[in-house]
Amino acid sequence: MSQTLAPPPAAAPALKKKTKPTADLTAPGRGPLRFAVYLVLLIVALAFLLPFLWLVVASIQPGAALSAKVTWDFSFENFAKVLNVETLFRPVLNSLIISGGTALITVVAATFAAYPLSRYRSRFGRMFLYGILFSTGLPITGVMVPVYTMYSRFELTDSVPALILFMSATALPFAIWMMKNFMDGVPVELEEAAWTDGAGWFQSLWRIILPLMVPGLTVVFVFTFVGQWGNFFIPFILLQTPESQPASVTIYTFFSTYGQVAYGQLAAFAILYTAPVVLLYSALSRVFGGAFSLAGAVKG
């Protein structure tokens, strides 16, 4: 008797996974929440926009006061009064030298400090990073007392290079922290391939890591530059000569000793003073916006 084999049972259809629909702010039932979010964003935008609106209105009014009003009486007299060497051009040039020099030294020092923290493992590495993070929270008003004493003893109180070195030291801890995070994003395999070909650590840093970290270097440079551009306290303490003071210090010349303030000239100076930072940020964001991507750098 021949036995016939039954055909194998058909495979059961795969059960479809039920996925929960994700709700977002554009869902029909989220109308009140979306309105509340937009309302909060509008309030925050107005909080930032109103001071700038006062600057624009006060800068074109001849007799601007603390409460500027929008009128048809406007002129560029305030801009004409501040557009001179003593009031604007020399202080802005000093700010460019101080902020640019500080940012450049900080980027170079942070690069060499972040490289061993990113590439070499040590039991003291985490403690060192925590120490760096702690040093960023030290109040500069308390640090300036011994710094001023030291600068006075070595006769460095009116030296722009000495000021740049100290400002670089104050900006270095957070710059090292940021630089290490950017450097961690560069795959180590790229360096190992360069080491196999006979390159040293400096060659691999210069030819492999830094070209891939150009957007990160730019972020650290701009962050340091903007932070030192508006720094008032350190230059005010360490620089006594008006010819060497930056614009962040000379802006107080618009406040007289008797409580009178030239609001129109102050507003015009503030607009011209912020222009270099805005132009720098706009130019670099166009060039390096979203460029920090290492997708496809290493093939598995």
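For residue 156 and residue 226, FRET efficiency with R0 = 30 Å and r from the beta-carbon atoms, rounded to 0.05?
In this case the efficiency is close to 0.70.
In whole angstrom, and with the biggest value first, how far do the Cα coordinates of the stretch 130-249 range along each principal axis?
The Cα atoms of the stretch 130-249 stretch 54, 30, 26 Å along their principal axes.
According to a simple spin-label model (label point 7 Å from Cα along Cα-to-Cβ), what is the distance in nm between residue 165 and residue 120?
The two pseudo-label positions are separated by 2.5 nm.
How much area per residue is accessible in the stretch 132-256 when the probe is 1.4 Å and only protein heavy atoms are counted (Å²)?
Ligands and nucleic acids excluded, the figure is 52 Å² per residue.
At 1.4 Å probe size, with the rest of the protein present, what percent of the exposed accessible area of the stretch 50-150 is carbon and sulfur atoms?
With neighbouring chains kept in place, the figure for the stretch 50-150 is 74 percent.
Going by average Cβ density within 10 Å per residue, which order do the peptides 277-285, 200-208 take, highest to lowest?
Descending packing order for the listed peptides: 200-208, 277-285.
Charges at C-beta only: +1 for Lys and Arg, -1 for Asp and Glu. How large is the resulting dipole of the stretch 111-208 about its Cα centre, in Debye rounded to 20?
I would put it at about 320 debye.
On full extension of the chain, what length is gained from residue 86 through residue 140, given 0.36 nm per residue of separation minus the C-alpha to C-alpha distance?
16.6 nm
At a temperature of 4 °C and a viscosity of 1.567 mPa s, determine how fast the stretch 68-138 diffuses translationally according to Stokes-Einstein, using the Kirkwood radius over alpha-carbon pairs as Rh; express D in µm²/s, rounded to the nearest whole number.
Rounded, D is 77 µm²/s.
Put +1 on the Cβ of each Lys and Arg and -1 on the Cβ of each Asp and Glu in the stretch 117-180; which of 138, 177, 156 then has its Cα farthest toward the positive end of the dipole?
Final value for the positive-end residue is 177.
Note the full-extension length gain between residue 202 and residue 97 as 0.36 nm times their separation in residues minus their Cα-Cα distance, in nm to one decimal.
My answer for the length gained is 34.9 nm.
Highest first, please rank the peptides 35-46, 230-241 by the mean number of other Cβ atoms sitting within 10 Å of their residues.
230-241, 35-46
Please pull out the direction-averaged projected area of the stretch 60-198, using the convex hull of its alpha-carbon atoms, in nm² to one decimal place.
Convex hull of Cα atoms, orientation-averaged projection: 15.5 nm².
Grab the Cα-Cα distance for residue 275 and residue 108, subtract it from 0.36 nm times how many residues apart they are, and report the gain in nm with one decimal.
57.5 nm
Would you please classify the overall shape of the stretch 136-175 from the alpha carbon gyration tensor, given that a ≥ b ≥ c denote the square roots of the eigenvalues, rounded means a/c under 1.5, and beyond that prolate means a/b larger than b/c while oblate covers the rest?
Taking the square roots of the gyration eigenvalues as a ≥ b ≥ c, the stretch 136-175 is oblate.
What whole number of Å gives the distance from the Cα centroid of the stretch 227-249 to the Cα centroid of the stretch 111-177?
Taking the Cα centre of each part, the stretch 111-177 and the stretch 227-249 sit 19 Å apart.
The values are calculated or read from the model by the stated rules, or taken from the named source; none is laboratory data. As the structure is a computational prediction, the values presented were derived from the model and not from experiment. Here Cβ is always computed from backbone atoms with ideal geometry, including for glycine, and neighbour counts include all displayed protein chains. To get the accessible areas, we keep the full protein, side chains included, count just its heavy atoms, and leave off ligands, DNA and RNA. Shrake-Rupley method; radii C 1.70, N 1.55, O 1.52, S 1.80 Å.
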